[in-house]
1. When you go through (1) assigned to a strand (DSSP E or B); (2) closer than 19 Å to E312 by Cβ one by one for V190, which number turns out not to apply?
2. Considering only the range 293-304, I want to know if a residue exists there that is part of a loop (DSSP other than H, G, I, E, B), at pLDDT below 85 and more than 20 Å from Q217 (Cβ to Cβ).
3. Exactly one condition in (1) surrounded by 19 or more Cβ atoms within 10 Å (Cβ to Cβ); (2) modelled with pLDDT of 85 or more; (3) touching a Gly at 6+ places or on another chain (Cβ under 9 Å); (4) of a type in the set (G, A, S) is false for S455; which is it?
4. Sort through R164, R180 and tell me the only one that's surrounded by 11 or more Cβ atoms within 10 Å (Cβ to Cβ), without any contact (Cβ under 8 Å) to a residue 60 or more places away in the chain and more than 12 Å from the chain's Cα centre (by Cα).
5. Please specify each residue of the range 197-214 satisfying the condition of being of a type in the set (A, V, I, L, M) and farther than 20 Å from I185 by Cα.
6. Is there a residue in the range 193-215 that is over 30 Å from V33 (Cβ atoms), of a type in the set (V, I, T), assigned to a strand (DSSP E or B) and in contact (Cβ under 8 Å) with a residue 40 or more places away in the chain?
7. When you go through (1) over 30 Å from E296 (Cα atoms); (2) in the same structural domain as L197 (by TED's automatic domain parsing); (3) not charged (D, E, K, R) one by one for L141, which number turns out not to apply?
8. Mind listing just one residue for me: the one in the range 94-130 that is of a type in the set (G, A, S) and in a strand (DSSP E or B) and, of those, surrounded by the fewest Cβ atoms within 10 Å (Cβ to Cβ)?
Amino acid sequence: MDFGSAEKEFGLRIERSDTVLALLESAPIAVVVVDMHGAITLINAKTEELFGYTRNELIGEPLERLLPQRFSDVHHFHRDHYFIKPHPRAMGIGMDLSALRQDGTEFPVEVGLSYVEVDGQRLAMSFITDITVRVEAAESLRSHAQELESRVASRTQEIERRRRVAEGLHDVLTVLNTARPLEEILDLIVEQASQLLATDAIAIFRQDEDDPIPRIQAARYLDTGGIATILPGREELQAFGSLVEDAGIDRTDDDAGMTQAGRYRSVLAVPLNVKGEIYGSICLYYRAARTFTREEKELAIAFADQAALAIENARLREQVSRSAVAAERTRLARDLHDAVTQTLFSTSLIAEVLPKIWERNPQEGIKRAGELRELTRGALAEMRALLLELRPTALIEAVLGDLLHQLADAVTGRARIPVSVTLEGEGKLPSDAQIAFYRIAQESLNNIAKHSGASQALVKLYQDTERVVLEVEDNGRGFDPANIPSTHLGLTIMQERAATIGAHLEIDTVKGEHTRIRAIWNRTAEPQRHADPKRT
């Protein structure tokens, strides 16, 4: 290597040192020395290797030859400024830059600067390190971090979506366990399904065997005109068994742009299987053509199962209601036979013999006439009570005191037990409280008529602004509360009635002496469960 010629290029008058030049030549990083004009005056072997130039190709060339073109102007400015006023703090500090090889490829480098001044001439030394591996590692790390961040965000979104799905299904299941109307439950199901499955429209259809056109039972955002053209039929639902998927319904242009059928390009329909029969379907509509994931299909099936369960529960409630109505009619018929018919039969017998009794003994005739009057009043009261049973709203509309008088007359006529009624105070009761007090009084008087053997009874109602107290007392044989036959449900019924309004039921009985039933209700009391005002 011609070190002497290199020194001549420097134009320096310094002591020759083969050792210094040898150190620069063997340095593991590229070293480039430039003068104040930016011309390269010295490079080492690592520079040739790194940039792909020979020494002769770079000596005397501007340093900008090793830089991308876009940095040339900026580098000129910084180089000139550096030579005029070097910054000591910048000396030796590595700067990350881009360099340019002979073949035109760019690569990242770290550059450290130093300068010397010889005979009034400043020389800048650049120590250049290829940091391609480090940059690639950093980029790989950033890419990996971004991928992890993306996965975390995606997982977070998935967790949030699953949470919303779980909450939505839980809300529906909660409503399924209530006695809410079927329409309300189905409306909640389509609302939740629409939100969680991001539908453009959704509907629950009922398919009757005698009607070819399905009937909408609940829907959201549905264009109903011409919708039947994109509904799966009963046979199609039965054939598929679990769901019907159409990811590309043909569009048909018309004056408005497309027909109703064309407004939805994709449909996912799930049959509603109620007790092994196809009741109808729940249909999810999308305006864009798309395919459905397995999870979306499973969620749609879950909503269909909930809708089918709601329909089945509604049917069961309807059957229970019909059974209850039939049982109530049977009870009314039995009461009519046991009470009114027997009373009227006794009345007819007395009426037949009354003239003869009157002829033989007027005093006895007067007694029998009074008996006839009591029987007639009792039969009339029984009939009125039965009419109230047929029209439950009358129990709410009537005054509670009048209802108690009516019950007392009915028992007096039926069981020949005089029942007196005492009323203290006035006030309007809520419908559920009025029904509860009426039923407690009714059950108490029925027990007196059937089991007490009493010669008289008393009904007392006390009301003020804070509480209401109902007492029903007789002078009968009493009973042992701990030894009540399982077939006698009267006390249990009264306790349940009191609980519905948050009232306290007291039972005071002495065997062989008397029985007193007392129901105490504070107007601010909280019921143990919500009562239906029309329940009787």
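1. (1)
2. no
3. Among (1) surrounded by 19 or more Cβ atoms within 10 Å (Cβ to Cβ); (2) modelled with pLDDT of 85 or more; (3) touching a Gly at 6+ places or on another chain (Cβ under 9 Å); (4) of a type in the set (G, A, S), S455 violates only (1).
4. On the way: R164 fails: more than 12 Å from the chain's Cα centre (by Cα).
Going through R164, R180 in turn, the sole match is R180.
5. Within the range 197-214, the subset of a type in the set (A, V, I, L, M) is 197-198, 201-204, 213.
Within the range 197-214, just I213 meets the criteria.
6. Taking the range 193-215 as the starting set, the residues that turn out to be over 30 Å from V33 (Cβ atoms) are 193-215.
Narrowing the set further to residues that are of a type in the set (V, I, T) leaves 199, 202, 204, 213.
Next cut, assigned to a strand (DSSP E or B) only: 202, 204.
Pick out the ones that are also in contact (Cβ under 8 Å) with a residue 40 or more places away in the chain and you get 202, 204.
Yes, the conditions are met somewhere in the range 193-215.
7. Going through the list (1) over 30 Å from E296 (Cα atoms); (2) in the same structural domain as L197 (by TED's automatic domain parsing); (3) not charged (D, E, K, R), L141 breaks only (2).
8. Taking the range 94-130 as the starting set, the residues that turn out to be of a type in the set (G, A, S) are 94, 98-99, 104, 112, 114, 120, 124, 126.
Going one step further and asking which of them are in a strand (DSSP E or B), we end up with 98-99, 112, 114, 124, 126.
Numbers: S98: 12, A99: 19, G112: 16, S114: 15, A124: 20, S126: 23.
Top of the filtered list is S98.
The values are calculated or read from the model by the stated rules, or taken from the named source; none is laboratory data. Because the structure is a prediction, the values reported are computed rather than measured. As a convention, Cβ positions derive from the backbone with ideal geometry for all residues, glycine included, and neighbour counts pool all protein chains shown.
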